[in-house]
Structure formats: C-alpha cells, structure tokens
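> Okay, here's the structure, questions in a sec.
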Amino acid sequence: MSDRSEPITSLYVHVPFCAHKCEYCAFYSEASNGEMINRYVHALIREMELVAHDLKPRTVFFGGGTPSILTLRQWEEILKTMERLNLLGAEEWTVECNPATVSADKARLLRSFGVNRISMGVQSLDENLLDRLGRIHSREMVFKSFDILRAAGFDNINLDFMFAIPGQTMDIWRNTLREAMAFGSEHLSCYEVIYEDDTPLYAQLKAGKFSVDEELACAMYDELLTTVEQGGYHQYEIANFAKNASAAINDFPDRACKHNVNYWRGGSFYALGPSAAGYVRGVRTKNWSNTQMYCEQLERGLRAIESKEELAPLARAGEIAAFGLRMNSGWPLAEFKHRTGFDLQDHWQPEIRQMLNLGYAQLSQENFHLTRQGLRYADWAAELFLKI
Amino acid sequence: MQASHIRNFSIIAHIDHGKTTLSDRLLHSTGTIATRDMEEQLLDSMDLERERGITIKAHPVTMLYKAKNGETYELNLIDTPGHVDFSYEVSRSLSACEGALLIIDAAQGVEAQTVANVHLAMKQNLLVIPVINKIDLPHADIAQAKMQLEDILAIPADLAILASAKQGIGIEDILEAIVERIPAPKPTGQPSLQALGFDSYFDTYKGVVTHVRVFNGELKAGMTVKLLHSGKSVEVKEVGSFNPKPYVRDKLEVGETGYMTANIKSPKDVKMGDTITDSRNPSAVLPGFKEIHPMVFSGIYPINTSDYEHLKANLGKLQLNDSAFVFQSESSVALGFGFRCGFLGLLHLEIVQERLRREYNMDIIATYPSVVYKIFMTDGTEKEVDNPAFMPEANYIERIEEPMVKAFVICPNEYIGDMMALISEKRGNVDHTETLDTRRVMLTSLIPLNEILIDFHDRIKSITRGFGSMDYEHADYREAQMVKLDMLVNGESVDAFSCIVHRDKAESRGRALAAKLKEVIPPQQYQVAIQGAIGGKFIARETVSALRKDVTAKCYGGDISRKRKLLEKQKEGKKRMKSFGSVNIPQEAFIEVLKTS
C-alpha cells in the first residue's frame, strides 16, 4: 500500500477545450472561448496550489480536450506556476496535441520547461474519414506538426489512431498503418472506435446510419498487431504499442507511457481540471464537469470535487487486479501483494484456474498474465476478477 | 318427486354442434329461466370455456316440464365436459343418467368427438336420443346425417329428432322424447342411501359442494353420511338443486340430482365418483369407480423466480375446482423452482396453463410434456416415470411400455394419403377406415399418446385445411423402444431439455434441439459445444463459436471507475443466469427454446 507520508508521484491535468468537438468524443470539453479559458487557467493554478504540497511528480500528463489549444501566454502562466510550486522535473511529461494547433514556438516553450513527450491525436490519415470523425486537421497538418515537434527536440512522440471507423475499409486502414510506421514515432496508441452515449456517432449508429461490422473490426485488429510488430513496436497493453531499445523487454518496453502504466497498475495520481478523475490513496474523486462551476469553486479557494468513492480493501484489490490484466505483462505477483495487501493466487484461485484452463493466461512463480489470445477477452477477465 | 316422474339425461355432441344452445333452449322452454335472464351460453360459466366452445365444468340443472300427457316431470340435465381428456368425468356424469341426447350437426355430420362420446354413453347403457340439429342451415343434409347415424354409430335413423335449437324447432319433440323414451330411475334395492358424487366445486363459504345423484334412499341435511372410497364420514349441512342457480331443498330422493355440502374443506377429501351412503347402515359401492390418474405431465415454472410462492398459491386455487389436476414442487437447474403438474390430457394441460396466464396473470413457462412410462427393471420391479430426470440407467431397464390411445380422425377423402403418412410418422397404425359420406372418411388408429402431445391436432388441421377433426380414448400400454435424450452444454446436461423419446426419433429431435440452442446461446469468450446424447453416445452436435474479442478500446485513468461499474453490472447480470459447463445462459434462452420446441 502507498505510504501515507510519501507524496503522490503522478499528475493528470485536464484541459476541457476544443476548437471543435469530434463525433466520437464523450470527454468533457467545450468549444473554446477566450475569456473562459483565461478563467480556467487561473482556477487550475489555484487547484495546483491546493495539492502541490502532496505532489512530487514523476509523471505528468496534460490531456483533453485539446491542451495545445491554450495560447503561448496561457501555457507560460501554467508552466511558471508549476515551477514555483516545485512541480517540474518529471521523468515523463506528456502533453496531448491536435495536429492543427501545434506551433513551433509552443513546442519550444513546452520543451524548455521539461515536457518531454507529445501525444498527437491523428486518428486517421484518410481525408474522408478525418472529415467523418469531425477532426479539424488535415493529413498535411499531421506531417507538418510531426516535423515541428521533432525539430523542437521531442524524441518521445505518441500517435493515436482509430480503426473500425464507419466507412473505413481494410485498404484504408492498411494504408494508414503503413504511413504510421513511416513516421517512426516511439509510441502508438491504436484502438477501435467506441460508441459512447451522448456522442453524435452513437446517435447515428442508433439511427441506423451505419452498422458495426464485427468481423472487419477483428480483422483490422489482427492487421494492426501484425503490422506494428513488424514495424518494431511491442504491444504492452490492449491498445498501446511502444519501442524498446533492445529485443528483451523487462515488464514493459522502454518507451511505454509510464503515466498510463501507473493507471493500470492501480497507482495514485492527482487529477486537476474540470471533470478530471483522480485516485489518491484508495479514494477515487471526480471534479465538477462544468467549467464554470469548477472555476467558481476554486475561486472560493475550494477543491472542485463533485464525488468521491472509496471501495472496501478487497473490492479495491479486485479493481486493481482487473485493470492490471489489460497489460501484456499482467501482474508481477509480489507487486500486486505490495500494492493491495492481498495475494492474487489466494483470493482469485478459481478465476486464475479458469483462465489457465482455457489457455488464456499464464502463471509463473513471479507473474500472472493474459496470453495474446486471452488479451482479446480482457474485459471478461476484468469482470471475473472484480469482487462484487 | 316420485321416481317415475324423474328423468336424468346428458347432452353429448361435438364442439359447435349446438349443445349449449340446445341446453339454453330447454331451460327456456320449460320456464326454468326467463328469456330476459338468458345470457348466451348460460351453462358455460368460465370465459375460457365460452371462447373455446367447450364446457369444462357445469352444474346439473333441474327443470320442471309439463308433458302432453298432463303430468309434470322433473328433468335433470347433467352436463358433461365435452372432451375425452375428461373421459372419466364424462363417464361419471353419464353414469348419473339414464339417457343422453346425441346432437349431430346437420351440415357437418358425425365428427370424431361424436364417436368417442357415443362410445362412452353406450358403455354406460344409456338410452340415446339422436337429435339432428341445425336443420335450418342452407347446406343441411339430413339424409346424410341419418345415414351416418346408422353406419357409424349403429343407431336406427328413424329415432332421430329433427331440430334447430337456434330457431326453436323440435324442442317440444325433444322434451317429449326425454319423458317418453328415457327410463325412469329405479331404486337399487339397497338397505339405505346410495348416491353418486359425480363432481364438485369449491365455494368460499360452504367449502366443497358435491354434485350428487341419489340412486337409493334419500339424502337430507343433518344425516351423517359415509364416503365409501374416501373413507370418511361427514355430517350433511345442506342439500339442494340448481335451476340453474343453487336452491336449498329438504331432501333429495331416489332418482333426483342436486348438491350437498358438509363442511368439507378440500376437494382432495372427496374422490370423484365416490359412493355416498348412510354411515349407520351402509349400502354397497356403486360400480365404475376409478382413481384419477393424470396421463400427461409437464413442469410449470414461473418466468420470474420470485413468483414461485404466488404460482404455488394459484395452482392451489385452480386445484380447488379441478381435483383431476395435481402438482408438486420440483426444481430444475435451468429454470429454478417450479412444479411438476399432472393432467388428464392435452386439452386439460392447455386449459390449466391458459387459465394461469389469463385468470391469474402468471408469467409461466412449461417444459416439454411427458406421458407416464412403465419401466420394467432387470431386477423384476416396475417403475412409473413421467419425468426424464428420474429415468433409470439403460442397463437396469429390461423394457419400457408407453401408453397408447385409440384415435378417431375424420378427414375429407382427398387428404387420406397425407393423413395416413402423418399417423405413420407418429408411430401409429390405422386399424380401419370407414366411409362416412361421399366426402369424408374416418380413420381409427392406435397411436402412442406421447406422439399426439405436441402438434398432432394442429397438423391435422393444417393438412385438411381445417376440415379434419380428431378425438381419442385411452388404450393400453405397449412396449416401445424409448430412450432418454440428454442435451449437454460443454459436457454438462441441461435438465430442462432432457426428454424421453422413441429411439427412431431421438436423433432428429436431438439435432433440432441442438440447432435451436445454438441460436439462443450468446457467443462466449470461448467455444461452446452443444451435444445431444443417448446414454454415452453422442447423436447431435453444434458449436457456438467464441467471440473473437471483447475489447480493443482504450482505457485510461479517467475511465476506470465508469468501466468498473459497467463490468460489475455485467457480472451481476451473469450471476442471475444459469451456468452449464461454465457457460452462462440467460433464462430467456431456455424459455425461447421451450416456446418453439
């Protein structure tokens, strides 16, 4: 269990603004409005001040929304605050960018304060599909932004891609994958489109505008696994692939996103910004989603927490077990015991046996993990391991 | 009333040949009820009966009729259930009578049910008065009907009365014939009261009300009577008759019909067909008593498992007025807790299920019906099995016998070929074929009861475009190559689908069930094998392919809580499913299969 006296080493910051909301997106974000963004920046600074005493970030992640939509001046304000609060110096510091909002001076500014990883939401390299998804950027912008980032000194870049997009054929996906390999980014995050409630894409699906082709989605996933492996990437989680300096991988590849690994392994993290969900010493919190409300709370000097949830120890351990199995390396048994206080083999014996019998998992002296086949059913595995 | 002035009779007829209309007409003509009180089909009191045109339960009705000879007669109309599922009830009711009106529709002629019912009346030595009804219809064919009377039923055609109950034609002639032709009841010469309890119903205030026919002596309130078969003595509280509403009388004398109450709390305490006599000086038992044995069994389960107690209470209520219906609790892995229910036959089963659904608003599912098999074991013992779950292992069985029925199928000439094929498909043998008229034939055949349980009647209707009819009477047991078919999901037997079938049909049934199960079992994260097996031998197999994946979506820190809740909900849902061979199968899937099989 994490030590009460040790500060939290992971920080997530949510930037809830987008130039335009994508068709598939269920994250909390709103169309940008200069005045509101300024107000948000000040509230965020206030929130940082409230938690800084308990933070010594090893990993930082600015996600969204579109963090890159913040102006140079706004970024400067945030970064200087972090400097003042002693929050700089993270081993891994990621900022999400939209290819349409990357500029050379912004990139240089981020780099100069210690941001060392960029995650770019490309989604597709097919113009029609980008349009279909409601993305504001073009193919060209992706190539250009990637060069700008490299020129600014970013040597750790992730590109996000989606498959099984309505209208996406296997040929289109293959072309996108081929072009994705050519970038030579250090990391790829590739996932199937999900239809979440309250998204335009979901509404279109329900209205029968298109149908989901499960077979094609499976074939695209297979294609993805083969192509990225040939391209030198190592899958370390269902939708995440990273490069490794050598052929041998210890737990996860060098370029894996350490911030995300902390999520899957049930580590603590502070989450700031509207709608952000944090997990600190066993307590999950969620901030108010409404930006105005978020700002008002902080302007009064209060944290903007909407809800808190704390599970009983075994249920918490079940949740940690469940989500950890999404990673190829699964659970080092000792680490699980250390994090949760429970022995995986004692408390999940029938579940482990069932997965082993089906050939969906492997168990060694040190480690329990899903096999390549088993990973396809990680949701089911998670369901089995949850304690209710 | 003096016995010489009493006439007891029933009306027997095929569905829709006008039995109820004639009954109503008789009540009206004798002034028993005024026209304004006449509801259509007065005697059928349950909605379901009216809708299906069949009488399940009816009271005996007492009418007073002033005949042409100037004398007043007491006519007791003892109604009978119109279907041989209730043949024991029919024969009990008939044995309370000295005569019967046989109604034949002039346009339709003799139908299968007519034949079955006439056989029962003949066995009871009743005087049969044939009535050719609906002679007012444009396509009435009186000559044809008369010919069929003689040829099929061996009743002299010149005895027939021509009538139209609807138009009031021939009613007087019928009433006169009842007085003239039906013998008056005669005392049996026993030392005391001798009465037949031929039916009963349950009254919330009075308890069990028994329908009685007095054969000897008299029945009065205050007497202590003995029920010979039930082995019980009770004090008579009240006696009376129906007109058609119950009314109290001082006593019932030789030949009279009515009811008695005696503080009997449960219909189970009175056996159908019991002999009622004076407890101090008992008379002999009346002939013809049989214990009622259900012929067809089926499991009835609440769809919503929490309705179990509710279902139990409602089955109990049904049983109050239907002593032939039996039930006891059983449980199934697939369907949870429910009841094994016994019925007299197919129609009885349908009626009970339908009443549970409609009158009691119960959501129920019934398992594949089974007949009662006699199993002769290698150790010389004999077992009766109506539930596949209790079928012994094949190597302990020497032979199995199954119940047969004698079925009467009447169909238009052009469908004989198809009908013979159907009977043979149902493992039946046609004993003989009779020409009814220029258009129709009657096939009399011996068929296993289990083969007519499901779709026999519907198939006849569809083969003959609605013109065929079928009825049956129970016949003896006959040896048959029956086997227990098990359905397995990933190697584990699913009890709700096990059944006892003929060896020749096991394979096709196994295949059909496997195919159906394949349709309803949702794909899992692993392959699911569905097998049909007899003993250890597999005879059918289907495979439900595994899902290829259940996740390829991303999941980061902000998603965990929401995702966990979603998965918890799924897990909770699966807990409510039944698990066979580690496959979670929603109960709806079982229900789907049972509905269509």
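> 7 Å from Cα along Cα→Cβ at both B:E384 and B:T438: what's the point-to-point distance in nm?
It is 5.0 nm.
> Treating the beta-carbon of each Lys and Arg as +1 and of each Asp and Glu as -1, no other charges, what is the dipole magnitude of the protein assembly as shown about its Cα centre, to the nearest 20 debye?
For the protein assembly as shown, the charge dipole is close to 2220 debye.
> Within a 10 angstrom radius of the beta carbon, how do B:S582, A:S275 rank from fewest other beta carbons to most?
Numbers: B:S582 15, A:S275 21.
Starting with the residue having the fewest Cβ neighbours, the order is B:S582, A:S275.
> Could you state the number of Å between the C-alpha centres of the range A:123-186 and the range A:284-322?
A separation of 33 Å, based on Cα centres.
> Further question: Quick one: which residues, 5+ away or cross-chain, put their amide H under 5 Å from the amide H of B:Q525? H built at 1.01 Å from N.
The answer is B:L547.
> From the phi angles alone, apply the Karplus equation (6.51, -1.76, 1.60; θ = phi - 60°) to the range B:366-378 and give each ³J(HN,Hα) in whole Hz, x where the residue is Gly or Pro.
Once θ is set to phi - 60°, the couplings for the range B:366-378 become 10, 7, 3, x, 10, 8, 9, 9, 9, 10, 9, 8, 5 Hz.
> Put one equal scatterer on each alpha carbon of chain B, apply the Debye formula with no solvent term, and list log10 I(q)/I(0) at q = 0.07, 0.10 1/Å to two decimals.
After summing over all Cα pairs, the log10 values are -0.51, -0.95.
> Here's a follow-up. Quick one: helix B:171-181 against the long Cα principal axis of chain B, what's the angle to the nearest 10°, folded into 0 to 90?
70
> Note down, for the range B:193-333, the three equivalent ellipsoid semi-axes (square root of 5 times each alpha carbon gyration tensor eigenvalue), biggest first, whole angstrom. Please list the in-between numbers first.
Details: eigenvalues 215, 55, 29 Å².
Its equivalent ellipsoid spans semi-axes of 33, 17, 12 Å.
> Based solely on its DSSP helices, what 222 nm [θ] is calculated for chain A when runs of n ≥ 4 H residues each add -39,500 (n - 2.57) and the sum is averaged over all residues, nearest 500 deg cm²/dmol? Mind dumping the intermediate values first?
Numbers: 16 runs with 159 residues, N = 388.
Helix contribution divided over all residues of chain A: -12000 deg cm²/dmol.
> What nm value, rounded to one decimal, do you get for the distance between B:K569 and A:E6 when each label is placed 7 Å out toward the C-beta?
Spacing of the two 7 Å Cα→Cβ label points: 3.6 nm.
> Can you check what the net charge comes to around A:K206, using other residues whose Cβ is under 15 Å from the Cβ of A:K206 (Lys, Arg +1; Asp, Glu -1)? Walk me through the intermediate numbers first.
Numbers: positive: A:K209; negative: A:E23, A:E196, A:D197, A:D198.
Surrounding charge for A:K206 is -3.
> Please list, in order along the range A:48-54, the HN-Hα scalar couplings obtained from phi with the Karplus expression 6.51 cos²θ - 1.76 cosθ + 1.60 (θ = phi - 60°), rounded to whole Hz, x for Gly and Pro.
4, 4, 5, 10, 4, 4, 9
> Round to the nearest 10 and give me the degree value, 0 to 90, for the angle of helix B:308-320's Cα axis relative to the longest principal axis of chain B.
20
> Taking +1 at the Cβ of each Lys and Arg and -1 at the Cβ of each Asp and Glu, which of B:Y65, B:L594, B:G207 sits farthest along the dipole of chain B towards its positive end, judged by Cα position relative to the Cα centre?
Among B:Y65, B:L594, B:G207, the one farthest towards the positive end of the dipole of chain B is B:L594.
> If R0 is 45 Å, what FRET efficiency do you get for B:L159 and B:I454 from their C-beta distance, rounded to 0.05?
Values: r = 40 Å, r/R0 = 0.89.
Given R0 = 45 Å and the Cβ-Cβ separation, E is 0.65.
> Only helical DSSP H runs with n ≥ 4 go in: add -39500 (n - 2.57) per run for chain B, normalise by residue count and round the 222 nm mean residue ellipticity to 500 deg cm²/dmol. Each step should come with its number before you reach the end.
On the way: 14 runs with 153 residues, N = 597.
So the calculated ellipticity at 222 nm is -7500 deg cm²/dmol.
> May I ask you to derive the FRET efficiency for A:R281 and A:E306 from their Cβ-Cβ distance with R0 = 25 Å, giving the value to the nearest 0.05?
After rounding to 0.05, the efficiency reads 0.85.
> Please compute the average number of Cβ atoms from other chains found within 10 Å of each residue's Cβ in peptide B:562-569. Don't skip to the answer; put the middle values down first.
Numbers: counts 4, 5, 12, 2, 3, 12, 9, 2.
Whole-number average of other-chain Cβ neighbours for B:562-569 is 6.
> Per 10 Å bin, what is the whole-percent P(r) computed from every C-alpha pair distance within the range B:410-554?
P(r) for the range B:410-554, in whole percents per bin: 10, 30, 23, 19, 11, 4, 2, 0.
> Take the Cα pairs of the protein assembly as shown, get the Kirkwood Rh, then feed it into Stokes-Einstein at 25 °C and 0.890 mPa s and tell me D in µm²/s. Before the final figure, lay out the partial values.
Working: Rh = 35.1 Å.
The diffusion coefficient I find is 70 µm²/s.
> Please work out how much length the chain gains when fully extended from A:F210 to A:N250, using 0.36 nm per residue of separation minus the C-alpha to C-alpha distance, in nm with one decimal. Walk me through the numbers before you get to the answer.
On the way: separation 40, 0.36 × 40 = 14.40 nm, distance 4.28 nm.
Length gained, A:F210 through A:N250: 10.1 nm.
> Can you run the Rg to Rh ratio on the range A:8-264? Use alpha carbon positions and the Kirkwood inverse-distance Rh.
Details: Rg = 18.4 Å, Rh = 19.1 Å.
Dividing the radius of gyration by the Kirkwood radius yields 0.96.
> Another question about this same structure. What length, rounded to one decimal in nm, is gained on full extension from B:K66 through to B:I303, with 0.36 nm per residue of separation minus their alpha-carbon distance? Mind dumping the intermediate values first?
Working: separation 237, 0.36 × 237 = 85.32 nm, distance 5.66 nm.
Extra length from B:K66 to B:I303 when fully extended: 79.7 nm.
> Using 7 Å Cα-to-Cβ label points, what is the B:R399/A:D131 separation (nm, one decimal)?
Placing both labels 7 Å beyond Cα along the Cβ direction yields 8.2 nm.
> Then there's this: Residues with beta-carbon under 14 Å from that of A:E49, excluding A:E49: net charge, scoring Lys, Arg +1 and Asp, Glu -1?
Working: positive: A:R46, A:K80, A:R84, A:R300, A:R303; negative: A:E47, A:D54, A:E77, A:E83, A:E299.
Value of the local net charge: 0.
> Which is farthest toward the positive dipole end of the protein assembly as shown among B:A475, A:L11, A:H137, measuring Cα position about the Cα centre, with Cβ charges +1 (Lys, Arg) and -1 (Asp, Glu)?
A:L11
> Moving on to the next point. Looking at chain A, which Cys residues are left with no other cysteine's beta carbon under 4.7 Å from theirs?
A:C18, A:C97, A:C190, A:C218, A:C257, A:C295
> Could I ask something else about it? Could you work out the equivalent-ellipsoid semi-axes for the range A:313-386, taking the square root of 5 times each eigenvalue of the Cα gyration tensor, largest first, in whole Å? Before the final figure, lay out the partial values.
On the way: eigenvalues 59, 31, 24 Å².
Over the Cα atoms of the range A:313-386, the ellipsoid semi-axes are 17, 13, 11 Å.
> Sticking with this one: Between B:E235 and B:F337, what is the FRET efficiency for a Förster distance of 41 Å, r being their Cβ-Cβ separation, to the nearest 0.05?
Details: r = 40 Å, r/R0 = 0.97.
According to the calculation, E is roughly 0.55.
> For B:G258, what charge total do you get from the other residues with a beta carbon under 13 Å from its beta carbon, if Lys and Arg give +1 and Asp and Glu give -1?
Numbers: positive: B:R213, B:K220, B:K245, B:R249, B:K251; negative: B:E74, B:D199, B:E218, B:E238, B:D250, B:E253, B:E256.
Around B:G258, the charge tally is -2.
> May I pose another question? Using a 10 Å cut-off around each Cβ of peptide B:543-550, what is the average number of partner chain Cβ atoms that fall inside?
On the way: counts 0, 0, 0, 4, 5, 9, 14, 8.
Mean inter-chain Cβ contacts per residue within 10 Å come to 5.
> Report, by chain and number, residues whose modeled amide H sits under 5 Å from the one on A:F161, excluding near sequence neighbours (fewer than 5 apart, same chain).
A:Q123, A:S189, A:C190, A:Y191
> Report, by chain and number, residues whose modeled amide H sits under 5 Å from the one on B:L436, excluding near sequence neighbours (fewer than 5 apart, same chain).
Long-range HN contacts for B:L436: B:V441, B:M442.
> A further question follows. Report, to the nearest 10°, how far helix B:112-123 tilts away from the longest principal axis of the Cα atoms in chain B, using its own Cα long axis and a range of 0 to 90°.
Tilt relative to chain B: about 50 degrees.
> Let me ask you something else. Once Rh is set to the Kirkwood radius over Cα pairs, what Stokes-Einstein translational diffusion coefficient, in µm²/s, holds for the range B:419-496 at a temperature of 20 °C and a viscosity of 1.002 mPa s? Mind showing how you got there, number by number?
Working: Rh = 14.9 Å.
Value of D from the Cα-based Kirkwood radius: 144 µm²/s.
Every number here is computed from the coordinates shown, using simple stated rules; none is lab data. Not measured: the values here are computed from a predicted model. Virtual Cβ from ideal backbone geometry, glycine too; neighbours counted across all protein chains shown.
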